[in-house]
Structure formats: C-alpha cells, structure tokens
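To start, the structure itself, in structure tokens.
Every read-out reported here was derived from the displayed coordinates using simple, explicitly stated rules and does not represent laboratory data. Note that the structure is predicted; figures quoted are calculated from it, not measured.
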Amino acid sequence: MNGRVAHVVNPEKLSTLDVGDGDFTVDANGNVVIAGTLTLSGDELASSVLLAKFALAVAGAAATNGVLAYGPELGDSFKVKAQGTPSMRFEVNVGWGVYSSWPFQLSTPDTDYVSALQVAPVVNSRIDTVSIDPATGIPAVTEGVQSATPSAPATPAGHLKLAEIYHRVGSTSIQDTDDASNSYITLARNMINFGGQE
C-alpha cells in the first residue's frame, strides 16, 4: 500500500515523527518499508519507533475507522473490561485507534481508563453503549432506555463503539461475562488489523 505524508508529535514522550514525500509499504510480516525520508527525534526512541509504525501503517490504510491491535495481547487495545474486583465501574485498556485515517490514543496513554460509577436500572433491564471520542481519547457511556426488551442506543456521531453493557435490575457489579445476576460486557470493537468486527 502506498503512504502519504504523515506528521505525529507526542509531547509526553518528547518525540517527533516526520515522513517525507516518499512512499512506504507494509510487507507481509508487518514491517514498514520506507522510500523517502524518516526523521525520529526525542528522549524515548523506542516509543518513537512504535508510534512511527502505527502512524505509517495507518496513513497508508483505507479509510476504515476502528481499533488497532496493540499490546502483549493483540486483542487488548481499547478493551472494555470489569475491574479486578468487580464493581459498578468498568475499565478501558490503553490502546490505539484510527478515525478518518489518523491514529489516536486513550486520553491517559499509559494508564487504563476507569469509568465513573454506573447505576443499575430499577424497573427493567437497560443496555448502555460504551464508545470513545477520537478527538479527545476519552471513553463515553450512552445510556439506553429501560425496557423488558432493551436495545443498545446509537453510538454518538464521531465516536468509535467499543462495547455494550447489559444492566440488570439490582446489579451490584459489572462482569466480563454473563453470570445471570449482574451487569455484563459485550465487546463491540472493529479490530481493523486483527480479528475484524467483534
């Protein structure tokens, strides 16, 4: 795939990536091959190289919006999960996403996001949508409507959908799987370079 000019600055790592006018390709092993000028500078070169690989691969990709496989477990990027000791909060793993052909990170790139306390419904079940705003890297919850047959609300415009949370009346915790008593998470990410739509 052919690339285009990309420029990424990561102020936290004091690193800069500049790609000149040349093309680049991504080979069968996922390596970025550059035919042009690549300049890396900063205190943490390893971080810069990682950022470069993502930025270059994304810049040459089709305009697919979604989550990039990233981390020790490729499917962990932006994964919505229960807390270590389940409560009515959830967490979102650090990771990378792509929106309108540009990469973005969680707003706290080195620390998993912890949600505000979620409130269980009191009359009927409810499904909430968990998404992330690419402009800010901040996850958001769109609350559904309580119903005997609930459905998930639409994902806000400009956001990437990450998961749905099914809330039961009287739930006391959010779980990774359905325990038939509490709220539980169903992942709904579009993994654009690993696994496809969940």
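At-a-glance table
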read-out: Residues with amide H under 5 Å from that of Leu162, placed H, sequence gap 5 or more; value: Val130, Ser131, Ile132
read-out: Vicinal HN-Hα couplings computed from phi for region 92-103 (Karplus, 6.51 cos²θ - 1.76 cosθ + 1.60; Hz; Gly/Pro x); value: 10, 5, 4, x, 10, x, 10, 9, 6, 6, 10, x
read-out: Cα-derived Rg over Rh, computed across region 98-178 with Rh taken as Kirkwood radius; value: 1.01
read-out: Long-range HN-HN contacts of Ser87 with modeled amide H, under 5 Å; value: Ile174
